[in-house]
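What follows is one structure encoded as structure tokens, with my remarks underneath.
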Amino acid sequence: MSMSKTQKPSKPLSQSTREDRLKAALKVNMARRKAQAKARAEKNETINNMTGNSSDDTEE
């Protein structure tokens, strides 16, 4: 019994599309987290400016 020549290697093709989807999802997630962190920092800065507190050097 020999292998048919019409069989396609499904692993490499599906693996690469999976990796592409994962890369795209990771990129979107990282952009969202960056935006959230920026919004949090701006919110904290606004609150600190309103209360007169300065935490520029203390929160790193």
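The values are calculated or read from the model by the stated rules, or taken from the named source; none is laboratory data. Just so it is clear, the model here is predicted, and its values are computed rather than measured. Don't worry about glycine lacking a Cβ; one is built from the backbone with ideal geometry, like all the others, and counts go over all protein chains shown.
At a glance:
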| item | result |
| --- | --- |
| Among the candidates Leu22, Leu13, residue that is modelled with pLDDT under 95, of a type outside the set (Gly, Ala, Ser) and part of a helix (DSSP H, G or I) | Leu13 |
| Top-ranked residue in segment 25-60 [being exposed (fewer than 10 other Cβ atoms within 10 Å of the Cβ) and of a type in the set (Ser, Thr, Tyr); ranked as modelled with the lowest pLDDT] | Thr58 |
